[in-house]
Amino acid sequence: APHLLGIEHLHPTEITTLLDLADKYAEDNRKGRAHRNVLEGLTQINMFFENSTRTQASFEIAGKRLGADVMNMAMQASSIKKGETLIDTALTLNAMHPDLLVVRHPNSGAVDLLAQKVNCAVLNAGDGRHEHPTQALLDALTIRRAKGRLHRLSIAICGDVAHSRVARSNIMLLGKMENRVRLVGPPTLLPSGVEEFGVEVFHDMREGLKDVDVVMMLRLQKERMDGGFIPSEREYFHRYGLDAEKLSYAKDDAIVMHPGPMNRGVEIDGTIADDINRSVIQEQVEMGVAVRMAAMDLLAQNLRAKRGAKAAGVMV
Ligand code: CP
(Lines give C-alpha, C1' and ligand atoms only; values in the text may rest on other atoms or scores of the structure.)
Protein backbone atom coordinates (compact mmCIF):
# COMPACT_ATOMS: atom_id res chain seq x y z
CA ALA A 1 0.00 0.00 0.00
CA PRO A 2 1.25 3.54 -0.71
CA HIS A 3 0.08 4.76 2.74
CA LEU A 4 -0.25 3.38 6.26
CA LEU A 5 -3.76 4.55 7.17
CA GLY A 6 -5.02 1.68 9.30
CA ILE A 7 -4.69 -1.96 10.31
CA GLU A 8 -7.97 -2.57 8.48
CA HIS A 9 -6.14 -2.48 5.13
CA LEU A 10 -3.25 -4.78 6.11
CA HIS A 11 -2.95 -8.48 5.31
CA PRO A 12 -1.46 -10.77 8.02
CA THR A 13 1.62 -11.37 5.83
CA GLU A 14 2.20 -7.60 5.56
CA ILE A 15 1.94 -7.33 9.35
CA THR A 16 4.52 -10.12 9.78
CA THR A 17 6.88 -8.56 7.21
CA LEU A 18 6.71 -5.21 9.00
CA LEU A 19 7.22 -6.78 12.44
CA ASP A 20 10.20 -8.85 11.22
CA LEU A 21 11.90 -5.70 9.89
CA ALA A 22 11.01 -3.76 13.06
CA ASP A 23 12.54 -6.54 15.16
CA LYS A 24 15.84 -6.10 13.28
CA TYR A 25 15.70 -2.34 13.80
CA ALA A 26 14.97 -2.88 17.51
CA GLU A 27 18.14 -4.98 17.87
CA ASP A 28 20.23 -2.48 15.89
CA ASN A 29 18.85 0.42 17.96
CA ARG A 30 20.05 -1.39 21.09
CA LYS A 31 23.51 -1.81 19.53
CA GLY A 32 23.58 1.82 18.36
CA ARG A 33 23.87 0.69 14.73
CA ALA A 34 22.69 3.49 12.40
CA HIS A 35 20.91 3.12 9.04
CA ARG A 36 21.14 6.65 7.71
CA ASN A 37 21.09 5.61 4.05
CA VAL A 38 17.52 4.17 4.18
CA LEU A 39 15.63 7.49 3.95
CA GLU A 40 18.56 9.59 2.71
CA GLY A 41 17.35 12.39 0.43
CA LEU A 42 13.73 12.04 1.58
CA THR A 43 11.74 14.70 3.43
CA GLN A 44 9.44 13.72 6.31
CA ILE A 45 6.90 16.22 7.68
CA ASN A 46 5.19 15.54 11.01
CA MET A 47 1.80 17.28 11.36
CA PHE A 48 0.28 16.79 14.81
CA PHE A 49 -3.09 18.54 15.22
CA GLU A 50 -3.50 16.85 18.62
CA ASN A 51 -1.11 16.50 21.57
CA SER A 52 1.45 13.72 21.58
CA THR A 53 4.60 12.73 23.44
CA ARG A 54 5.45 9.17 22.37
CA THR A 55 4.19 9.09 18.78
CA GLN A 56 5.63 12.43 17.69
CA ALA A 57 9.01 11.90 19.40
CA SER A 58 9.39 8.36 18.05
CA PHE A 59 8.43 9.30 14.47
CA GLU A 60 11.03 12.09 14.61
CA ILE A 61 13.73 9.82 16.05
CA ALA A 62 12.83 7.04 13.58
CA GLY A 63 13.11 9.41 10.61
CA LYS A 64 16.43 10.82 11.80
CA ARG A 65 17.91 7.35 12.48
CA LEU A 66 17.09 6.45 8.87
CA GLY A 67 18.60 9.67 7.50
CA ALA A 68 15.45 11.58 6.47
CA ASP A 69 15.23 15.36 6.62
CA VAL A 70 12.57 15.68 9.32
CA MET A 71 10.40 18.75 9.81
CA ASN A 72 7.95 19.08 12.70
CA MET A 73 5.12 21.45 11.82
CA ALA A 74 4.21 23.51 14.89
CA MET A 75 0.46 23.27 14.25
CA GLN A 76 -0.35 25.68 17.11
CA ALA A 77 1.72 28.35 15.32
CA SER A 78 0.51 27.49 11.80
CA SER A 79 -2.01 29.28 9.54
CA ILE A 80 -4.64 26.73 10.70
CA LYS A 81 -5.11 29.34 13.45
CA LYS A 82 -6.04 31.89 10.73
CA GLY A 83 -8.78 29.67 9.35
CA GLU A 84 -6.87 27.65 6.73
CA THR A 85 -8.46 24.23 6.30
CA LEU A 86 -6.76 20.89 6.83
CA ILE A 87 -6.87 20.16 3.10
CA ASP A 88 -5.46 23.57 2.08
CA THR A 89 -2.69 23.13 4.65
CA ALA A 90 -1.93 19.67 3.25
CA LEU A 91 -1.93 20.94 -0.36
CA THR A 92 0.43 23.75 0.64
CA LEU A 93 2.88 21.32 2.21
CA ASN A 94 2.43 18.90 -0.70
CA ALA A 95 3.62 21.62 -3.08
CA MET A 96 6.97 21.53 -1.25
CA HIS A 97 7.39 17.87 -2.35
CA PRO A 98 7.60 15.96 0.92
CA ASP A 99 7.99 12.19 0.68
CA LEU A 100 6.47 11.10 4.00
CA LEU A 101 3.66 12.89 5.82
CA VAL A 102 2.95 11.77 9.39
CA VAL A 103 -0.45 13.04 10.54
CA ARG A 104 -2.39 13.01 13.82
CA HIS A 105 -5.83 14.62 13.84
CA PRO A 106 -8.74 14.72 16.33
CA ASN A 107 -11.32 13.83 13.63
CA SER A 108 -11.88 10.21 12.57
CA GLY A 109 -11.28 9.88 8.82
CA ALA A 110 -9.30 13.15 8.48
CA VAL A 111 -6.05 11.35 7.67
CA ASP A 112 -7.70 9.16 4.98
CA LEU A 113 -9.15 12.30 3.39
CA LEU A 114 -5.81 14.05 3.44
CA ALA A 115 -4.09 11.02 1.86
CA GLN A 116 -6.38 11.36 -1.18
CA LYS A 117 -5.16 14.92 -1.80
CA VAL A 118 -1.38 14.54 -1.69
CA ASN A 119 1.15 12.61 -3.75
CA CYS A 120 3.43 11.34 -1.03
CA ALA A 121 3.15 8.48 1.48
CA VAL A 122 0.88 9.29 4.44
CA LEU A 123 1.21 7.59 7.84
CA ASN A 124 -1.70 7.78 10.26
CA ALA A 125 -0.39 8.77 13.71
CA GLY A 126 -3.91 8.54 15.20
CA ASP A 127 -7.21 9.94 13.89
CA GLY A 128 -10.04 10.54 16.36
CA ARG A 129 -11.53 7.26 17.56
CA HIS A 130 -10.74 5.56 14.26
CA GLU A 131 -7.23 4.04 14.06
CA HIS A 132 -3.71 4.27 15.46
CA PRO A 133 -1.98 1.64 13.31
CA THR A 134 1.62 2.14 14.43
CA GLN A 135 0.49 1.79 18.07
CA ALA A 136 -1.14 -1.58 17.33
CA LEU A 137 1.99 -2.68 15.45
CA LEU A 138 4.32 -1.70 18.29
CA ASP A 139 2.00 -3.47 20.74
CA ALA A 140 2.11 -6.56 18.53
CA LEU A 141 5.92 -6.50 18.38
CA THR A 142 6.11 -6.11 22.17
CA ILE A 143 3.76 -9.07 22.66
CA ARG A 144 5.62 -11.22 20.11
CA ARG A 145 8.98 -10.54 21.79
CA ALA A 146 7.61 -11.20 25.29
CA LYS A 147 5.57 -14.30 24.44
CA GLY A 148 7.57 -15.71 21.54
CA ARG A 149 4.52 -15.73 19.26
CA LEU A 150 1.62 -13.58 18.07
CA HIS A 151 -1.12 -16.17 17.67
CA ARG A 152 -3.37 -18.26 19.94
CA LEU A 153 -2.89 -15.83 22.84
CA SER A 154 -5.65 -14.64 25.13
CA ILE A 155 -5.58 -10.85 25.39
CA ALA A 156 -7.78 -8.61 27.56
CA ILE A 157 -8.22 -4.99 26.43
CA CYS A 158 -9.59 -3.14 29.46
CA GLY A 159 -11.28 0.17 30.15
CA ASP A 160 -12.45 2.89 27.80
CA VAL A 161 -12.64 0.90 24.57
CA ALA A 162 -15.47 3.00 23.15
CA HIS A 163 -13.34 6.13 22.63
CA SER A 164 -10.06 4.37 21.85
CA ARG A 165 -8.43 4.23 18.42
CA VAL A 166 -5.68 2.15 20.08
CA ALA A 167 -8.25 -0.50 21.04
CA ARG A 168 -9.85 -0.44 17.59
CA SER A 169 -6.53 -0.99 15.78
CA ASN A 170 -5.48 -3.64 18.30
CA ILE A 171 -8.76 -5.56 18.02
CA MET A 172 -8.29 -5.74 14.24
CA LEU A 173 -4.61 -6.67 14.33
CA LEU A 174 -4.88 -9.28 17.08
CA GLY A 175 -7.94 -10.78 15.40
CA LYS A 176 -6.17 -11.00 12.01
CA MET A 177 -3.30 -12.86 13.72
CA GLU A 178 -5.78 -15.37 15.25
CA ASN A 179 -5.69 -14.43 18.93
CA ARG A 180 -8.61 -14.49 21.38
CA VAL A 181 -9.51 -10.92 22.30
CA ARG A 182 -11.62 -9.99 25.33
CA LEU A 183 -12.95 -6.50 26.02
CA VAL A 184 -13.40 -5.65 29.68
CA GLY A 185 -15.09 -2.51 30.98
CA PRO A 186 -18.35 -0.85 32.04
CA PRO A 187 -21.14 -1.06 29.43
CA THR A 188 -20.99 2.75 28.97
CA LEU A 189 -17.36 2.50 27.82
CA LEU A 190 -17.67 -0.48 25.48
CA PRO A 191 -18.85 0.12 21.91
CA SER A 192 -22.07 -1.59 20.87
CA GLY A 193 -21.96 -4.40 18.33
CA VAL A 194 -18.32 -5.31 19.04
CA GLU A 195 -19.15 -9.04 19.13
CA GLU A 196 -19.16 -8.73 15.31
CA PHE A 197 -15.36 -8.47 15.50
CA GLY A 198 -15.21 -11.88 17.18
CA VAL A 199 -14.38 -10.54 20.64
CA GLU A 200 -15.77 -11.62 24.02
CA VAL A 201 -17.20 -8.92 26.31
CA PHE A 202 -16.90 -8.79 30.12
CA HIS A 203 -18.10 -6.19 32.61
CA ASP A 204 -16.24 -7.69 35.56
CA MET A 205 -12.43 -7.38 35.69
CA ARG A 206 -11.83 -10.62 37.59
CA GLU A 207 -13.87 -12.65 35.10
CA GLY A 208 -12.35 -10.81 32.13
CA LEU A 209 -8.76 -11.28 33.26
CA LYS A 210 -9.10 -14.96 34.14
CA ASP A 211 -6.16 -16.89 32.60
CA VAL A 212 -5.25 -14.26 30.00
CA ASP A 213 -1.69 -13.96 28.62
CA VAL A 214 -1.80 -10.20 28.10
CA VAL A 215 -3.56 -7.40 30.02
CA MET A 216 -3.79 -4.18 28.00
CA MET A 217 -5.03 -1.18 29.97
CA LEU A 218 -6.51 1.97 28.40
CA ARG A 219 -6.80 5.57 29.59
CA LEU A 220 -10.19 7.19 30.14
CA GLN A 221 -10.38 9.37 27.00
CA LYS A 222 -12.21 12.27 28.63
CA GLU A 223 -11.41 14.57 25.70
CA ARG A 224 -13.65 12.37 23.49
CA MET A 225 -16.56 11.96 25.92
CA ASP A 226 -18.48 14.94 24.46
CA GLY A 227 -19.81 16.01 27.88
CA GLY A 228 -21.46 12.59 28.33
CA PHE A 229 -21.01 10.22 31.26
CA ILE A 230 -17.61 10.54 32.92
CA PRO A 231 -17.12 8.08 35.78
CA SER A 232 -15.72 9.22 39.12
CA GLU A 233 -12.01 8.32 39.13
CA ARG A 234 -12.12 6.73 42.59
CA GLU A 235 -15.08 4.53 41.76
CA TYR A 236 -13.56 3.67 38.39
CA PHE A 237 -10.24 2.60 39.96
CA HIS A 238 -12.07 0.49 42.52
CA ARG A 239 -14.00 -1.42 39.84
CA TYR A 240 -11.78 -1.31 36.76
CA GLY A 241 -8.33 -0.09 37.82
CA LEU A 242 -5.61 -2.75 37.49
CA ASP A 243 -4.09 -3.61 40.87
CA ALA A 244 -2.23 -6.70 42.16
CA GLU A 245 -5.42 -8.39 43.34
CA LYS A 246 -7.21 -8.14 39.98
CA LEU A 247 -4.03 -9.04 38.07
CA SER A 248 -3.74 -12.26 40.14
CA TYR A 249 -6.64 -13.67 38.04
CA ALA A 250 -4.49 -13.53 34.86
CA LYS A 251 -1.86 -16.20 34.09
CA ASP A 252 1.19 -16.04 36.37
CA ASP A 253 3.36 -14.92 33.45
CA ALA A 254 0.82 -12.46 31.99
CA ILE A 255 2.31 -9.18 30.81
CA VAL A 256 0.82 -5.75 31.52
CA MET A 257 0.62 -3.15 28.75
CA HIS A 258 -0.50 0.46 28.45
CA PRO A 259 -0.13 2.63 25.34
CA GLY A 260 0.38 5.79 27.44
CA PRO A 261 -0.18 8.42 28.52
CA MET A 262 -1.32 6.67 31.71
CA ASN A 263 -3.19 8.05 34.66
CA ARG A 264 -1.81 6.31 37.74
CA GLY A 265 -4.47 5.53 40.31
CA VAL A 266 -7.26 5.77 37.69
CA GLU A 267 -6.90 2.84 35.25
CA ILE A 268 -3.69 1.37 36.70
CA ASP A 269 -1.96 1.18 40.06
CA GLY A 270 1.48 2.82 39.91
CA THR A 271 3.25 -0.18 41.48
CA ILE A 272 1.93 -2.50 38.73
CA ALA A 273 2.98 -0.04 36.00
CA ASP A 274 6.50 0.05 37.49
CA ASP A 275 6.83 -3.70 38.15
CA ILE A 276 9.54 -4.76 35.71
CA ASN A 277 8.53 -8.42 36.11
CA ARG A 278 5.05 -7.75 34.71
CA SER A 279 4.92 -4.38 32.97
CA VAL A 280 6.26 -3.99 29.41
CA ILE A 281 5.22 -0.33 29.14
CA GLN A 282 8.77 0.93 28.56
CA GLU A 283 9.41 -1.81 25.95
CA GLN A 284 6.28 -0.60 24.13
CA VAL A 285 7.85 2.86 23.85
CA GLU A 286 11.15 1.34 22.70
CA MET A 287 9.39 -0.79 20.04
CA GLY A 288 7.57 2.36 18.88
CA VAL A 289 10.77 3.72 17.35
CA ALA A 290 11.60 0.39 15.65
CA VAL A 291 8.09 -0.08 14.24
CA ARG A 292 8.01 3.48 12.85
CA MET A 293 11.44 2.94 11.26
CA ALA A 294 10.13 -0.25 9.60
CA ALA A 295 6.91 1.42 8.41
CA MET A 296 8.73 4.36 6.84
CA ASP A 297 11.39 2.09 5.32
CA LEU A 298 8.73 -0.09 3.60
CA LEU A 299 6.73 2.92 2.39
CA ALA A 300 9.89 4.57 1.05
CA GLN A 301 10.77 1.37 -0.86
CA ASN A 302 7.31 1.48 -2.41
CA LEU A 303 7.64 5.18 -3.22
CA ARG A 304 11.03 4.71 -4.87
CA ALA A 305 9.79 1.74 -6.91
CA LYS A 306 6.83 3.77 -8.17
CA ARG A 307 8.98 6.75 -9.03
CA GLY A 308 11.49 4.49 -10.79
CA ALA A 309 8.70 2.90 -12.84
CA LYS A 310 7.28 6.32 -13.71
CA ALA A 311 10.71 7.58 -14.79
CA ALA A 312 11.03 4.48 -17.01
CA GLY A 313 7.64 5.28 -18.58
CA VAL A 314 5.82 2.28 -17.07
CA MET A 315 2.17 2.79 -16.09
CA VAL A 316 1.73 2.60 -12.29
N1 CP B 1 0.34 6.12 22.77
C2 CP B 1 0.32 7.34 22.22
O3 CP B 1 -0.18 7.56 21.11
O4 CP B 1 0.91 8.32 22.99
P5 CP B 1 1.03 9.86 22.59
O6 CP B 1 -0.37 10.42 22.58
O7 CP B 1 1.89 10.47 23.68
O8 CP B 1 1.67 9.96 21.24
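The values are calculated or read from the model by the stated rules, or taken from the named source; none is laboratory data. What you are looking at is a predicted structure, and each value in this text was computed from that prediction instead of being measured. Because the Cβ atoms are built from the backbone with ideal geometry, glycine has one as well, and the counts that use them run over all protein chains shown. Side chains are part of the model used for accessible areas, which takes the heavy atoms of the whole protein and leaves out ligands, DNA and RNA. Shrake-Rupley method; radii C 1.70, N 1.55, O 1.52, S 1.80 Å.
Summary table
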| quantity | calculated |
| --- | --- |
| Length-normalised contact order for the chain - Cα pairs under 8 Å, 6+ apart - percent | 21 |
| Protein accessible area in the range 146-222, 1.4 Å probe - carbon and sulfur % | 46 |
| For the chain, accessible area per residue (1.4 Å probe, heavy atoms of protein chains only), Å² | 45 |
| Dimensions (Å) - the range 1-103, Cα atoms, principal axes, largest first | 45, 31, 26 |
| Carbon/sulfur fraction of accessible area - the range 1-74, other protein chains in place, 1.4 Å, % | 50 |
| Which of 73, 205 is most accessible, then next, and so on - probe 1.4 Å | 73, 205 |
| The chain: angle of helix 54-65 to the longest principal axis, Cα-based, in degrees nearest 10 | 40 |
| FRET efficiency for residue 306 and residue 88, using Cβ-Cβ distance with R0 set to 25 Å, rounded to 0.05 | 0.45 |
| C-alpha long axis of helix 12-31 to longest principal axis of the chain, angle in ° | 90 |
| Gain upon complete extension [residue 239, residue 52; 0.36 nm per residue less C-alpha separation] | 64.5 nm |
| Total charge dipole magnitude, the chain, about the Cα centre, Cβ charges on Lys, Arg, Asp, Glu only, Debye to nearest 20 | 800 |
| Signed unit charges on C-beta, dipole axis of the chain, positive-most listed residue 142, 276, 187 | 142 |
